[in-house]
1. Loop only per DSSP, at most 14 neighbouring Cβ atoms within 10 Å: give me the trypsin sites (Lys or Arg not before Pro) in the stretch 1-77, ordered by residue number.
2. Between residue 114 and residue 8, with labels modelled 7 Å along Cα→Cβ, what's the label distance in nm to one decimal, could you check?
3. Rounded, prolate or oblate, given the Cα gyration tensor of the stretch 3-88, with a/c below 1.5 counting as rounded?
4. May I ask you to sort 62, 42 by Cβ crowding, counting other Cβ atoms within 10 Å and putting the fewest first?
5. Less than 14 Å Cβ to Cβ from residue 95, Lys/Arg counted +1 and Asp/Glu -1: what total charge do the surrounding residues give?
6. Whole angstrom only: what separates the Cα centroid of the stretch 44-116 from the Cα centroid of the stretch 1-24?
7. From the phi angles alone, apply the Karplus equation (6.51, -1.76, 1.60; θ = phi - 60°) to the stretch 158-163 and give each ³J(HN,Hα) in whole Hz, x where the residue is Gly or Pro.
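Readers should treat all values here as calculations from the given coordinates under stated rules, not as data from a laboratory. Please read these numbers as outputs of a predicted model, since none were measured by experiment. Cβ sites come from the backbone with ideal geometry, for glycine too, and all protein chains shown count toward neighbours.
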Amino acid sequence: MPITIKFNDNVKHQYDSFNEITQLDNYDEIIYIHCYCNKNLTYLPKLPNSLTHLYCWYNKLTCLPKLPNSLIYLNYNNNPIYDHIKKYFDGDRKQYRNFQHNVLRVFVNKIGSWYLECKYNPEFKYCQKRLKMEFNDIYIYIYIYIYRKLQTILIKKIKLVLKS
């Protein structure tokens, strides 16, 4: 089934995947998403901040992204995540989000302590060399990613200014 979106003009637009939708220049202006009965849909991308209505029932969603504050209506029934939240969190999505955040924090802290142990313990000399090499590669990748993101944001803003 196609994914239907609407902007403020209330005109329906249909797409085959979220990959197409997230590439739109005006993605953050979407107010309505309807993704019903997509058997291959297991997760949702980061949702636009302007989103007010999200209908995503009868999919195979296994998790929910952070929901925007503007969201007025959400229907995600008949998904594995719906059953999970209903069973383990009494249907409370906020409690589920807090749990996800706390679990993530535990993992991040654990990885940080492993990093420090490997970095400063002389028994891990080989690991220290590898860690420095891997860290530098990751640092360069993140730097390039951030640079490209900023570049696209600037280009969008320049286009807006030129249109005015």
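1. 39, 46, 60, 66
2. About 4.7 nm, to one decimal.
3. prolate
4. By the 10 Å Cβ count, ascending: 62, 42.
5. Summing Lys/Arg as +1 and Asp/Glu as -1 gives +3.
6. 22
7. For the stretch 158-163, the Karplus curve yields 5, 4, 4, 5, 5, 5 Hz.
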